[in-house]
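Asks: Structure in structure tokens, see below.
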Amino acid sequence: MKKLLLLLLIGLSLTSAQAQQTANKPEREQWFMDLGFGMFIHWSLDSQVGAVISHSMAGASDDYLKRFTTELPATFNPKKFDPDEWATLARLAGMKYVVFTAKHHAGFCMWPTKTTPFSVAQTPFKRDIVREVLDAFRKQGIAVGLYFSPEDFYYLYEQKIPIGRLQHPQHFPANNPGLMAHDKAQLKELLTNYGPIDIMFFDGPAEGLKEYAWQLQPNLVVTRGQMNTPEQKIPDKPLPGPWESCYTMGTDWQYKPTNDPHKTGTEIINMLIETRAKGGNLLLNVGPKPNGEIQIEQEALLREVALWNLVNGESIHGVRSWDITREGPIWFVKSNRENAVYAFVPGGNEWKYGDRKEFVLKTLEGSAQTNVSVVGYDSKLVEYREGFDASINWQATPLGLVISAVNGHRLYTNNKWPNPAVLKITNARFKPLELAGEKRSKLDGAH
């Protein structure tokens with residue numbers, strides 16, 4: 001009888017182990033890939049001094065660590081924090097998800113945790129920032145995600161373990177039972193007290209933690225820790241499955257008040273287009289000021305992206321890589337919703353407002369059912385130009401699909417909108433490269 005009971009217990013244990021979730025659900029990964037564009041938010045108490053977030057603790061002297069962990073909480077009081085403004089701006093820019101730094105490497109928690117005194121509860125502000133951010137973005141229909149660092153510099157500081165990033169065995173939760181328990185207690189708070197969380201970004205060793213997170217919320221999509229999440233770069237080629245490229249607008253993740261040149265809106269839009277053409281998501285970062293406002297430079301860039309999204313947003317969401325990523329400067333994606341391909345054509349000086357341009361898309365084969373349009377523009381009128389022919393024409397030829405179109409959507413008073421226009425091409429198919437008479441490497445612009 002004892003032997004039978006032992007076998008039953010072993011069997012139950014094996015079944016439980018086999019049932020443990022070890023990956024994102026495939027349907028949730030497809031959902032994530034449809035989103036396309038997200039807002040990353042890096043914000044913590046050291047934004048007050050414009051420091052690199054958390055990392056100034058690494059290798060620091062004891063007196064610096066004491067000042068960091070006692071003086072900065074005493075003055076963190078973002079009186080202009082308005083997450084509804086953040087969320088509205090994200091929605092206008094076409095961002096479909098947010099990833100907020102609930103706990104960065106410093107170990108400072110942006111919610112009133114019971115696990116440590118190093119949290120927003122010990123600041124003059126006191127409010128639950130995580131809850132307010134999640135509530136605001138949910139109200140805008142934006143999927144919510146949290147950044148969580150398995151490393152915890154404050155925990156290491158208290159335990160008198162040298163502070164650094166993965167340079168000591170005790171920096172890894174798998175080697176440090178105390179740190180693992182600490183992280184799990186915090187994850188339990190985040191994943192049981194705040195409703196459904198869509199996305200989790202583990203910036204550090206995720207082993208043992210992502211499985212625990214899936215146990216608490218099986219529909220959670222783990223990005224970093226489970227999929228490729230390159231920082232400040234886009235892969236040379238499309239990657240299989242879901243992936244996410246993380247970018248700053250300036251040179252740093254957290255608010256940097258000086259010495260921080262920013263990208264242009266056109267550069268950001270082009271990064272978004274290239275990422276989507278290669279099958280990935282773009283997670284674009286903002287670093288709010290210590291008072292809670294998004295700095296004006298970053299707000300301005302997001303509003304430029306918002307105007308482009310108002311016109312062209314359908315080409316970014318619910319799309320996948322096409323058979324080829326681009327022909328020279330023209331990038332492609334295909335729609336999940338219909339038989340359509342979107343072609344992103346450089347604007348600015350390359351295709352000025354009111355100008356007609358001819359294209360030969362060698363990798364597209366048209367038919368009698370093919371239709372071509374300029375997204376957001378009806379190709380009938382150009383403002384103030386009487387009798388001007390703004391019609392769009394296309395023809396299937398042995399060379400490929402020949403298109404003649406006018407860039408006539410007026411978006412700036414001076415008519416110098418510098419950003420790409422988008423062609424929507426329905427009921428066309430990929431033209432095999434041997435028929436196109438070009439090598440893939442040449443068309444893709446590969447080196």
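Values quoted throughout were computed directly from the atomic coordinates according to the rules given, and no laboratory measurement underlies them. The model shown is predicted, which means the values in this text are computed figures rather than measured ones. Positions of Cβ are backbone-derived with ideal geometry, glycine not excepted, and every protein chain shown enters the neighbour counts.
Asks: Among (i) 4, 19, 26, 22, 14, 9, 4, 1, 0, 0; (ii) 4, 18, 29, 28, 17, 4, 0, 0; (iii) 5, 22, 32, 25, 12, 4, 1, 0, only one was calculated for this model; which label is it, if the read-out is P(r) over Cα pairs in 10 Å bins from 0, in percent?
Replies: Checked against the structure: label (i).
Asks: Looking only at chymotrypsin sites (Phe, Trp or Tyr not before Pro) in DSSP loops with at most 12 other Cβ atoms within 10 Å, what is the longest site-free stretch of the chain?
Replies: Counting at most 12 other Cβ atoms within 10 Å as exposed, the longest clean stretch of the chain is 1-383.
Asks: While we're on this one: Between helix 2-19 and the chain, what is the angle of the helix's C-alpha long axis to the longest principal axis, kept within 0 to 90° and rounded to the nearest 10?
Replies: 40 degrees
Asks: Can you tell me the 0 to 90 degree angle between the C-alpha axis of helix 62-75 and the longest principal axis of the chain, rounded to 10?
Replies: Relative to the chain, helix 62-75 is tipped by roughly 70 degrees.
Asks: How high is the relative contact order of the range 322-444, given as a whole-number percent (alpha carbon pairs under 8 Å, six or more residues apart)? Each step should come with its number before you reach the end.
Replies: Values: 250 pairs, mean separation 45.4, N = 123.
That works out to 37 percent.
Asks: Would you list Cys246, Cys109 from fewest to most Cβ contacts within 10 Å?
Replies: On the way: Cys246 22, Cys109 28.
Lowest count first: Cys246, Cys109.
Asks: Connecting C-alpha atoms closer than 10 Å in a GNM of the chain, tell me which of Leu134, Leu166, Leu146 has the biggest fluctuation.
Replies: Per the Cα network of the chain with a 10 Å cutoff, Leu166 tops the list.
Asks: OK, next. Give a residue-ordered list of calculated ³J(HN,Hα) values for the range 253-266 (Karplus: 6.51 cos²θ - 1.76 cosθ + 1.60, θ = phi - 60°; whole Hz; x for Gly, Pro).
Replies: 7, 8, 3, 10, x, 9, 6, 9, x, 9, 5, 8, x, 4
Asks: Ignoring everything except DSSP H segments at least 4 long, calculate the 222 nm mean residue ellipticity for the chain; use -39,500 (n - 2.57) per segment, divide by total residues, nearest 500.
Replies: The helix-only estimate for the chain comes to -9000 deg cm²/dmol at 222 nm.
Asks: Now for a separate question. Of the listed pairs Lys139/Lys256; Lys25/Lys96; Lys188/Lys278; Lys160/Lys210; Lys188/Lys289; Lys233/Lys424, which have alpha-carbon separations greater than 31 Å here? Numbers along the way, then the final one.
Replies: Values: Lys139/Lys256 29 Å; Lys25/Lys96 19 Å; Lys188/Lys278 35 Å; Lys160/Lys210 27 Å; Lys188/Lys289 29 Å; Lys233/Lys424 27 Å.
As for pairs spanning more than 31 Å Cα to Cα, those are Lys188/Lys278.
Asks: Suppose a student asked you for the relative contact order of the chain, using Cα pairs under 8 Å spaced at least 6 residues apart; what percent would you report? Could you put the intermediate results ahead of the total?
Replies: Numbers: 889 pairs, mean separation 69.9, N = 447.
Rounded, it is 16 percent for the chain.
Asks: Within 10 Å of each residue's Cβ, count the other Cβ atoms and sort Asp236, Asp128 from fewest upward.
Replies: Fewest to most other Cβ atoms nearby, the residues stand as Asp236, Asp128.
Asks: Kindly put Glu85, Glu151, Glu365 in sequence by how many other C-beta atoms sit within 10 Å of each C-beta, fewest to most.
Replies: Working: Glu85 15, Glu151 26, Glu365 19.
With the sparsest Cβ surroundings first, the list reads Glu85, Glu365, Glu151.
Asks: Now a separate question. Using alpha carbons only, how many degrees (0 to 90, rounded to 10) separate the axis of helix 129-139 from the longest principal axis of the chain?
Replies: Taking the Cα atoms of the chain, the angle to 129-139 is about 30 degrees.
Asks: Return the single residue from Lys256, Lys278, Lys188 with maximal mean-square fluctuation; model: Gaussian network over the chain, springs between Cα atoms under 10 Å.
Replies: Sorting by GNM fluctuation, first place goes to Lys188.
Asks: So what is the relative contact order for the range 6-139, in percent, with contacts set as C-alpha pairs under 8 Å and at least six apart?
Replies: Dividing the mean separation by the residue count of the range 6-139 yields 26 percent.
Asks: Using the crude model of +1 on Lys and Arg Cβ and -1 on Asp and Glu Cβ, and no other charge, please compute the dipole size for the chain relative to its Cα centre, in debye to 20.
Replies: Computed about the Cα centre, the dipole is about 700 debye.
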